[in-house]
Amino acid sequence: MIKKADIALFLIILIFGIIISFVSLFGNSEGDKVKIAVDGQLFGVYDINTDQTIEVEQNNHINHITIKDGMVSMSYSDCANQVCVHSEAISMTKDSIVCLPNKVMIEIIAENQGGDVDVISG
């Protein structure tokens, strides 16, 4: 037998799920920096509005990352599968391109993601 409390709990969980889905799908924004990491270590942070090609050469592997017109793409990689090269260009926060064989990760970040102060103690 279904009680009113069961229906209320179901509706609360349903609404909570819809809110999380909405934030997950539409919570990203245009980023202003490109963060490149190689083998888990920061390689560099670049301005997304400055057109340039960055060559990442490490551990006998080469990747070329192209920043053009506010979009970022992997234009060349010497990896075997070429999944990273065929990925679409990215420009929004939460977007990333990863070259797993060469351990190169590109992600879009926003310079100010909600302020500089986390906690104030007294």
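The values are calculated or read from the model by the stated rules, or taken from the named source; none is laboratory data. Just so it is clear, the structure is predicted and the values come from calculations on it, not from any experiment. Cβ placement follows ideal geometry from the backbone for every residue including glycine, while neighbour counts extend to all protein chains displayed.
Filter region 90-122 down to residues that are within 24 Å of Asp51 (Cβ to Cβ) and either modelled with pLDDT of 90 or more or surrounded by 11 or more Cβ atoms within 10 Å (Cβ to Cβ) (or both), then give me how many there are.
18
Looking at region 50-58, can you tell me whether even one residue there is of a type in the set (S, T, N, Q), surrounded by 11 or more Cβ atoms within 10 Å (Cβ to Cβ) and in a loop (DSSP other than H, G, I, E, B)?
Filtering region 50-58 down to residues of a type in the set (S, T, N, Q) leaves 50, 52-53, 58.
Next cut, surrounded by 11 or more Cβ atoms within 10 Å (Cβ to Cβ) only: 52-53, 58.
Filter once more, so that each one left must be in a loop (DSSP other than H, G, I, E, B): none.
No, every residue in region 50-58 fails to be of a type in the set (S, T, N, Q), surrounded by 11 or more Cβ atoms within 10 Å (Cβ to Cβ) and in a loop (DSSP other than H, G, I, E, B).
Just wondering, is there one or more residues in region 82-89 that are closer than 21 Å to Glu111 by Cβ and in contact (Cβ under 8 Å) with a residue 24 or more places away in the chain? Spell out the reasoning first.
The first filter runs over region 82-89 and keeps only residues closer than 21 Å to Glu111 by Cβ, leaving 89.
From the residues that got through so far, the ones that are in contact (Cβ under 8 Å) with a residue 24 or more places away in the chain too are none.
Scanning region 82-89, I find no residue that is closer than 21 Å to Glu111 by Cβ and in contact (Cβ under 8 Å) with a residue 24 or more places away in the chain, so the answer is no.
Quick grid of which residues meet (1) of a type in the set (S, T, N, Q); (2) surrounded by 10 or more Cβ atoms within 10 Å (Cβ to Cβ); (3) under 12 Å from Asp95 (Cα atoms); (4) modelled with pLDDT of 80 or more:
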{"site": "Met1", "(1), (2), (3), (4)": "no, no, no, no"}
{"site": "Lys4", "(1), (2), (3), (4)": "no, no, no, yes"}
{"site": "Ile7", "(1), (2), (3), (4)": "no, yes, no, yes"}
{"site": "Phe16", "(1), (2), (3), (4)": "no, yes, no, yes"}
{"site": "Asn28", "(1), (2), (3), (4)": "yes, yes, yes, no"}
{"site": "Asp32", "(1), (2), (3), (4)": "no, yes, no, yes"}
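Starting from residues that are among the small types (Gly, Ala, Ser) and assigned to a loop (DSSP other than H, G, I, E, B), keep the ones in region 73-96 and report whichever is nearest to Gln58 (Cα to Cα). Spell out the reasoning first.
The initial filter retains those residues of region 73-96 that are among the small types (Gly, Ala, Ser), namely 73, 75, 77, 80, 87, 89, 91, 96.
Filter once more, so that each one left must be assigned to a loop (DSSP other than H, G, I, E, B): 80, 87, 89, 91.
Working: Ala80: 16, Ser87: 21, Ala89: 23, Ser91: 25 Å.
Among those residues, the one meeting the criterion is Ala80.
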